[in-house]
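These notes concern the structure reproduced below.
Nothing in this text is a laboratory measurement; each read-out follows from the coordinates by a stated rule. Note that the structure is predicted; figures quoted are calculated from it, not measured. FYI the Cβ positions are ideal-geometry reconstructions off the backbone, even for glycines, and counts take in every protein chain you see.
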Amino acid sequence: MLMQGFAGFMSLLSLALIVFSGFALFDAAIRREDGYRAADKQTKPFWMIILGLAFVVNLIFPILSFLPVIGLVATIVYMVDVRPALRSLPGGGRSHRGGSSSDGPYGPYNGGR
C-alpha cells in the first residue's frame, strides 16, 4: 500500500515536471529573438535547445534519474532569471504582428523627437 502511494506521488511529480518544462519551452518560443540579446542573456536557439532537451528528458526518463534533475535545474534557471529579464523589456519580449513600419525592436521610431 505504501509503495502504491509512493508510485502515485512520483507519477504526479513527473507529470508536474513535464508540464513545467513544457510551459518554459512554450514561453521561450513566443519570446522575440532580439529580446534575449537586449536582456543580455543567451540566445533564443540556445534556450530552445536546452528547454527542449529538458522536456524530452522529462518525458523519457524516470524522475529518480539524474537527467531529469539536470533538466529541472535548467528550467528553473530559465524561469527565475531569463523569463523575468525578457518580461521587463518593452512589450514583454513577446513577438508581435503588425505595427507601424517605423517600429523598431524597442518601440516606434520617432525620428529623434
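Points 7 angstrom from Cα along the Cβ direction at Ile76 and Ala7: gap in nanometres?
Here the answer is 2.8 nm between the modelled labels.
What's the extension gain from Leu53 to Leu15 if we count 0.36 nm per residue and subtract their Cα-Cα distance?
On the way: separation 38, 0.36 × 38 = 13.68 nm, distance 1.60 nm.
Length gained between Leu53 and Leu15: 12.1 nm.
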